[in-house]
Amino acid sequence: MIDLNELEKQFLAAHVKSGGVAVDFTMGNGNDTRWLSDAVGLGGQVYAFDIQPQALEKTRALLTASGCADNYTLILDSHANVRDYVTEPICAGVFNLGYLPGSDKKVTTLRPSTLAAVTAAVELLDRDGIILIAVYPGHAEGEAEGRMLDEALAVYDRRSYTVSKFRIINSPTSPYFFCVESRA
Ligand code: SAM
C-alpha cells in the first residue's frame, strides 16, 4: 500500500531544485524543514515559520543534530506574514496544518491565516514549483480548513496550475493533501 507521506515526498522531489528557495510554512518539530534543507542543498535556502518558540527550539536542535547545511532561516511569526520575509520565487512550499503532536491542541492553524499564507505561497511560486498542503480532518478546525481549501484552490486557472487532492475516501478522518503545481 502506498503511504501518503511517501507520496507527498515524491511530489515534492519532482519540483524541488538544488540551489532553490523553499518554505516550510508550519515548522513544528522540523521534519519538513530538514527534508527541504537536504533537498535544496548548500546553495539553496529554506525559510521556516512557526508561532511557537518551542517549534524553533526543536527544529534548530534537529537540524544541528542531523548535520544539515547552513541554509535555513527559522522565523517566529505567522506564515500569513511570509511576504515580509521571502521575496524570491520559491520552488516548493509545505504546509502541515493542525497542531503540534504532543503539544497544546489549542495552538492550531486557523482558516484566516492559512488562507492568507496559501494565497501568498501560490503568488511566490516559481515556474515548475509546488505547494503541498497536508490537512488533518480529524478535528473540527482541520475539517473546516479542508473545506475552505477545496473552494479556494478550485479557482486557480488550469492553464497555469494543476491543483490536485489525494484522499483515502473510505477513511474520512485520515489526513490528506492538496498539491498546487505550477506549469514549467
Ligand atoms: N511539519 C511539522 C513537523 O515536521 O514536525 C509539523 C507541523 S504541526 C502539524 C503544525 C504547526 O503549525 C504547529 O507547530 C503550530 O504551532 C504551527 N502553526 C499554527 N499556526 C501557525 C501560523 N499562523 N503560522 C505558522 N505556524 C503555525
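The values are calculated or read from the model by the stated rules, or taken from the named source; none is laboratory data. Given the structure is predicted, the values throughout are model-derived calculations rather than measurements. Neighbour counts are summed over all protein chains in view; Cβ atoms, including those assigned to glycine, are modelled from backbone coordinates with ideal geometry. Accessible surface is based on the protein model in full, side chains and every heavy atom, while ligands, DNA and RNA are left aside. Shrake-Rupley method; radii C 1.70, N 1.55, O 1.52, S 1.80 Å.
A few remarks follow.
- Rounded if a/c under 1.5, otherwise prolate or oblate - the range 1-46, Cα gyration tensor axes: oblate
- Shape call, the range 137-180: gyration tensor on alpha carbons, a/c limit 1.5: oblate
- Computed packing ranks the peptides 46-52, 143-149, 6-12 as 46-52, 143-149, 6-12, most packed first, by mean other Cβ atoms within 10 Å.
- Under the shape rule built on the C-alpha gyration tensor, where the axes satisfy a ≥ b ≥ c, the chain is rounded, since a/c falls short of 1.5.
- Here the accessible area is traced with a 1.4 Å probe on the protein chains. For the chain, carbon and sulfur cover 51 percent of it.
- Taking 0.36 nm per residue of separation and subtracting the current Cα-Cα distance, fully stretching the chain between Thr73 and Ser103 would add 8.5 nm.
- Solvent exposure of the range 1-132 amounts to 47 Å² per residue of accessible area, where only protein heavy atoms count and the probe is 1.4 Å.
- Each Cα pair under 8 Å and six or more residues apart adds its separation to the average, and for the range 103-184 the resulting relative contact order is 36 percent.
- Rounded to the nearest 20 debye, the dipole size of the range 27-183 about its Cα centre is 320 debye, using +1 on the Cβ of Lys and Arg and -1 on the Cβ of Asp and Glu.
- Here is how the number arises for the chain: DSSP H runs of 4 or more residues each give -39500 (n - 2.57), the sum is divided by the residue count, and the result at 222 nm is -10500 deg cm²/dmol.
- Cross-link reach list, aspartates and glutamates versus Lys9, counting only Cα pairs under 18 Å and skipping chain neighbours closer than eight places: Asp24, Asp32, Asp38, Asp128, Glu181
- Positive end of the dipole of the chain (Cβ unit charges, origin at the Cα centre): among Leu7, Ile168, Tyr136, the Cα lying farthest that way belongs to Ile168.
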